[in-house]
1. Find the eigenvalues of the gyration tensor of the Cα atoms of the chain, then list the square roots of 5 times those eigenvalues as equivalent ellipsoid semi-axes, largest first, in whole angstrom.
2. In the range 76-155, if every C-alpha pair distance is counted and binned at 10 Å from zero, what percent goes to each bin?
3. Modelling each spin label as a point 7 Å along the Cα-to-Cβ direction, I'd like the W123/K137 distance in nm, to one decimal.
4. In cubic angstrom, how much convex hull volume per residue do the alpha carbon atoms of the range 24-157 span?
5. Which value at 222 nm does the chain reach when only helices count, each DSSP H run of 4 or more adding -39,500 (n - 2.57), with the total divided by all residues and rounded to the nearest 500 deg cm²/dmol?
6. Which of R67, R59 has the fewest other C-beta atoms within 10 Å, and how do the rest follow up to the most?
7. What's the FRET efficiency of T220 with A156 using the Cβ-Cβ distance as r and R₀ = 35 Å, to the nearest 0.05?
8. Expressed as cubic angstrom per residue, what is the convex hull volume of the alpha carbon set of the range 132-233?
Amino acid sequence: MQDSRKIVILTGAGVSAESGLGIFRDKGGVWTKYDLNEVATPEGFARDPVKVHDFYNARRANAATARPNAAHFALARLQSDHPGEVVLITQNVDALHEAAGATAIHMHGRLDRATCSACTACWDAPLVMSADDPCPKCSAPQTRPDIVWFGEVPQAMDVIAEHLTTADVFAAIGTSGQVYPAAGFVAEAARSGAHTIEINLEPSDVAGMFDAQIDGAATTSVPAWVDSVLNTA
Ligand code: OAD
């Protein structure tokens, strides 16, 4: 019988780690080098917009040269070849899922997009943004990266909630499960009857919330999991 289960996948920094983009929390992670209150909050931006733009300009430059890895390509293959719906939700602000050919909901925004704090216009970010850049729509010099900062509401939450309640399978890949609301998705999906699976380098602190666990680097564990779902192993 054809497997047409709806699969909802949440990805985190671990999926892009082997593309050379840093993770946040483990040894050497971004938040061990930078104070997130200074560079990833609306208050930090109000205090020092130059510092915040410098931080994201550096990350944008990194992301612009990164290439999708085998995990991104495997998830794109799952999305195109699985007979049922495959919804990809990412906390990542890089565009590597898209570069691999997938469509993803970016709940924490995107590095390659800019937005205006004054009129909420949104446009493609230049490689280097500055605090003085005028908004192309209203001219206010209040442009910022289209990134969801701590204390702000993630994007597309109503759409995501609908997907979680209709998921047959929920997989969290390469995420530490430390940041809400994404960390609560496994419980939401499980409440609606989904089978839940964590795929991570090692069991995360919230591994106990999942029905199943696959350990290993994303570039090997994700293609193997996709093969097993598509029955192509
Ligand atoms: P974290 O840095 O918190 O967690 C990354 C997870 O990936 C960890 O559990 C690692 O064990 C795992 N990991 C590392 N390398 C891996 C690999 N090669 N293969 C598989 N797994 C690997 O990153 P996130 O959970 O994505 O938000 O962080 C969530 C949010 O916190 C981010 O979106 C960001 C951050 O603050 C904002 O900036 C708003």
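1. 32, 18, 17
2. The percentages, shortest bin first, are 18, 40, 27, 12, 3.
3. So the label points at W123 and K137 sit 1.1 nm apart.
4. In the range 24-157, the Cα convex hull volume per residue is 123 Å³.
5. Estimated from H runs of four or more residues: -9500 deg cm²/dmol.
6. Ordered by Cβ neighbours within 10 Å, fewest first: R67, R59.
7. Numbers: r = 30 Å, r/R0 = 0.86.
So, using R0 = 35 Å, E works out to roughly 0.70.
8. Hull volume normalised by residue count: 163 Å³.
Readers should treat all values here as calculations from the given coordinates under stated rules, not as data from a laboratory. Just so it is clear, the structure is predicted and the values come from calculations on it, not from any experiment. When we count neighbours, we look across all protein chains shown, and the Cβ atoms used for this are built from the backbone with ideal geometry, even at glycine.
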